[in-house]
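Engineer: Input: one structure, supplied below.
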Amino acid sequence: MNGEVIVPIRVDADVLVARQKARELAKSLKFSSSELTLIATAISEVARNIVTYAKEGEIVLHLVSKGGRRGIRVVAHDDGPGIADVARAMEDGFSTSSSLGLGLPGSKRLMDDFDIVSALGKGTTVTMTKWER
């Protein structure tokens, strides 16, 4: 599997597809099974946010390299309502639903690089990268 993999996210089953596609793509790198699990968990969190809050979006997966390092980049994008207070959404325990509020801050902890851009009424894009050790 080379290049870019795009997984539409609309229902819970799509979250599983995104996890599996990421595992397949990342297997070409030197990730341990525990690192593959961390990547899959981070994807689950951001993909479930798409289903819960935006109703539809996509996860884009691709292999990246920088300065001799290789990794997998995950971009979760939706055109949903956006996040009113990104800083607050990045706090452990904050949730506007009945969840535990671990999704975004948890995903940030699981990955090496993490960035979030959101605008009310325009959607949210989360970009995360996990690098080989």
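Engineer: For segment 4-131, what value does the Rg/Rh ratio take when both radii are computed over Cα atoms and Rh is the Kirkwood radius, given to two decimals?
Structural biologist: Over the Cα atoms of segment 4-131, Rg/Rh equals 0.95.
Engineer: Using only alpha carbon pairs under 8 Å that are at least six residues apart, calculate the relative contact order of segment 16-133 and give it in whole percent.
Structural biologist: Relative contact order for segment 16-133 comes out at 28 percent.
Engineer: For a footprinting-style exposure proxy, rank 36, 61 by other Cβ within 10 Å, fewest first.
Structural biologist: In increasing order of surrounding Cβ atoms, one gets 36, 61.
Engineer: Dipole of the chain, Cα-centred, from +1 at each Lys and Arg C-beta and -1 at each Asp and Glu C-beta, to the nearest 20 debye?
Structural biologist: Result for the chain is approximately 480 debye, rounded to the nearest 20.
Engineer: If you don't mind, there's one more thing I want to ask. Can you work out the Karplus-derived ³J(HN,Hα) for every residue in segment 116-131? Use 6.51 cos²θ - 1.76 cosθ + 1.60 with θ = phi - 60°, whole Hz, and x for glycine or proline.
Structural biologist: 9, 10, 8, 9, 4, x, 10, x, 9, 10, 10, 10, 10, 9, 10, 9
Engineer: Past 24 Å, Cα to Cα, is the threshold; run 27/55; 21/66; 21/130; 21/55; 30/55; 55/130 against it and keep the listed order.
Structural biologist: Too far apart for the 24 Å limit: 27/55; 30/55; 55/130.
Engineer: From the phi of every residue in segment 41-51, what ³J(HN,Hα) in whole Hz does the Karplus formula 6.51 cos²θ - 1.76 cosθ + 1.60 yield, where θ is phi - 60° and glycine or proline is x?
Structural biologist: 5, 4, 5, 4, 4, 6, 5, 5, 4, 4, 4
Engineer: Could I ask something else about it? Cβ under 12 Å from residue 47's Cβ, residue 47 left aside: what net charge do those residues give with Lys, Arg +1 and Asp, Glu -1?
Structural biologist: After counting each charged neighbour, the total is -2.
No value in this document is a laboratory result; all are computed from the given coordinates. Everything numeric here is computed off the predicted structure, so don't read it as measured data. We place every Cβ from the backbone using ideal geometry, glycine too, and count neighbours over all the protein chains shown.
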